[in-house]
Structures are given as structure tokens and as C-alpha cells.
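**Student:** The structure's right below; bear with me while I get my questions together.
The values are calculated or read from the model by the stated rules, or taken from the named source; none is laboratory data. Treat the numbers as computed from the prediction; the structure is a model and nothing was measured. Because the Cβ atoms are built from the backbone with ideal geometry, glycine has one as well, and the counts that use them run over all protein chains shown.
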Amino acid sequence: MANLPKLDYRSLSKLPTGKRRKLGYKTYAENRGEMVVIYHHNNAIAGVHKNRLELDNCGWDSNTTRDRLDQIVYDNFGYDLVRVVKQDYAMKLHIRNSKVHIPFRQAVVHKAGEVNIIR
């Protein structure tokens with residue numbers, strides 16, 4: 001994983017509201033109150049809420065975007081629910097205890113275990 005600070009809601013929600021903070025190469029966080037948005041190359045790749053994550057690879061199946069999204073999942077929920085992986089040159093969600101890798105562009109992962117693939 002990249003050398004980024006912890007990307008969990010508890011840490012990120014302490015950022016000043018409405019201001020962007022640099023986290024790493026071309027990666028920023030902006031606290032919007034109930035949600036913290038993570039940007040990579042000015043694309044909103046994640047919305048971090050207290051009990052859910054909104055993930056969006058913005059059409060970029062790059063290793064860096066995958067690494068950022070996977071770290072966001074890990075820092076918030078561990079790998080108990082899902083992992084963000086790359087398989088056959090496409091970004092996919094690996095559902096825990098399953099051999100299924102689901103391609104996605106946008107997904108919502110809930111702390112309670114529900115996973116919704118938007119597209």
C-alpha cells in the first residue's frame with residue numbers, strides 16, 4: 001500500500017470542514033460534515049461515512065486508484081467485508097469468503113456487510 005495517512009472516518013472527520021488536505025501524490029481529502037470525500041487526480045473516488053463507503057474508480061482501472069480504494073476499505077472496515085482487486089485488467093470487488101470477483105465502477109459498502117454495485 002501507499003504511504004498515506006490512515007483513511008478512516010474517525011481520523012478524516014477531524015479535518016477542518018470545507019478545506020482540502022493533501023494526503024499523498026495527487027490525493028486529497030475534503031471534510032463535508034457527515035462525509036469526507038477522497039479525491040485522486042481531482043476525481044472523487046470515495047465518500048467516507050461513519051458506517052458506509054461510496055467507492056468510484058471514475059473509469060480509471062489503474063493500480064494507484066485500486067490501491068487508494070483498497071486502503072480506504074481496509075482502514076474503515078478491515079478486510080472482513082471486501083477487498084478491491086485488479087483481475088484481467090479490470091477493477092473488481094472481492095467479496096469475503098467467496099471466489100467471486102465483481103467488476104465495478106461504483107459501489108457502496110456498508111459496515112453491516114451489505115454491498116451494492118451501482119455500475
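**Student:** Could you tell me which numbered condition residue 22 fails, if it satisfies all but one of (1) surrounded by 13 or more Cβ atoms within 10 Å (Cβ to Cβ); (2) assigned to a strand (DSSP E or B)?
**Tutor:** Evaluating residue 22 over (1) surrounded by 13 or more Cβ atoms within 10 Å (Cβ to Cβ); (2) assigned to a strand (DSSP E or B) leaves (1) as the failure.
**Student:** Residue 28 fails exactly one of the following numbered conditions: (1) surrounded by 19 or more Cβ atoms within 10 Å (Cβ to Cβ); (2) out of contact with any helix residue (DSSP H, G or I) (no Cβ under 8 Å at 6 or more places or on another chain). What is the number of that condition?
**Tutor:** All conditions pass for residue 28, except number (1).
**Student:** Would you confirm, using the coordinates I've provided, whether residue 42 is of a type in the set (S, T, N, Q), on the phi > 0 side of the Ramachandran plot and surrounded by fewer than 13 Cβ atoms within 10 Å (Cβ to Cβ)?
**Tutor:** Judged against the criteria, residue 42 is a match.
**Student:** Condition first: under 19 Å from residue 105 (Cα atoms), touching a residue at least 12 places away in the same chain (Cβ under 8 Å) and not in a strand (DSSP E or B). Can you find one or more residues in region 27-41 that meet it?
**Tutor:** Looking for residues that are under 19 Å from residue 105 (Cα atoms), touching a residue at least 12 places away in the same chain (Cβ under 8 Å) and not in a strand (DSSP E or B), one finds at least one in region 27-41, hence yes.
**Student:** Sticking with this one: Would region 60-81 turn up any residue that is surrounded by fewer than 16 Cβ atoms within 10 Å (Cβ to Cβ), in a strand (DSSP E or B) and at pLDDT 90 or above?
**Tutor:** No, every residue in region 60-81 fails to be surrounded by fewer than 16 Cβ atoms within 10 Å (Cβ to Cβ), in a strand (DSSP E or B) and at pLDDT 90 or above.
**Student:** Looking at region 87-95, is at least one residue within 19 Å of residue 37 (Cβ to Cβ), in contact (Cβ under 8 Å) with a residue 12 or more places away in the chain and assigned to a loop (DSSP other than H, G, I, E, B)?
**Tutor:** No, region 87-95 contains no residue that is within 19 Å of residue 37 (Cβ to Cβ), in contact (Cβ under 8 Å) with a residue 12 or more places away in the chain and assigned to a loop (DSSP other than H, G, I, E, B).
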